[in-house]
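J.: Here's a structure for you.
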Amino acid sequence: MTQDQLTGGAKPPHTPARRLALCLSGTRRGARLARQLTVQQFTEWTGLPYDSDPARAVALVTAELASNAVRHGSLPGRDFRLALHLLPDHFRVEVTDTRPERVPPAETAQPTDETSGRGLLLVQAYADRWGHTVHDAYTKTVWAQVRIGRDTDTRKGYSPLVN
């Protein structure tokens, strides 16, 4: 469902920012749905194609944040919240879970021979900024912002998937 559908098409003409928030199942299926819905909403709001570098970066960041919420931040029977924000030059993804005591480490670990544990390194590589906020004794939000400025895909040699 789009923001326009949620608000009946009414949005202030002077506000370029858009928002969408959903609750999703705290399961692997919920995490996969979060990624799919985010990319769909991103392409609808920005007009950029699914295979653009910003869309791929948004998909990867969302997949990592949602899977971390399911794997490390969920309690049995609890959902997680996905919030999307289109800002003038960035797309912000927020994932809120029910484990505020499990915050991301201040320093992301360097890659090792382990087969998992690189998710936050990927978020750090593809997002312009990321962080977390503990709201209360019951929830925390991990967020990331991906740049979508006009020159994102057209700068010579730029690719968030390579640089």
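J.: Residue pairs, Cβ under 8 Å, 6 or more apart or interchain, first in the range 46-64 and of a type in the set (Asp, Glu), second at pLDDT below 95 and open to solvent by less than 40 Å² (accessible area, probe 1.4 Å). List them.
T.: Here the result reads ASP53/THR152; ASP53/SER159; ASP53/PRO160; GLU64/GLY119; GLU64/LEU120; GLU64/VAL123, each pair linking the range 46-64 to a residue that is at pLDDT below 95 and open to solvent by less than 40 Å² (accessible area, probe 1.4 Å).
J.: For the range 40-85, give me the residue count where each residue is surrounded by fewer than 16 Cβ atoms within 10 Å (Cβ to Cβ), in contact with a Lys or Arg (Cβ under 8 Å, 6 or more places away or on another chain) and under 15 Å from LEU22 (Cβ atoms).
T.: 1
The values are calculated or read from the model by the stated rules, or taken from the named source; none is laboratory data. Everything quoted here is computed from the prediction, not taken from an experiment. Neighbour counts run over all protein chains shown; Cβ positions are idealised from the backbone, glycine included. Protein only, heavy atoms only, side chains kept; ligands, DNA and RNA dropped before computing areas. Shrake-Rupley method; radii C 1.70, N 1.55, O 1.52, S 1.80 Å.
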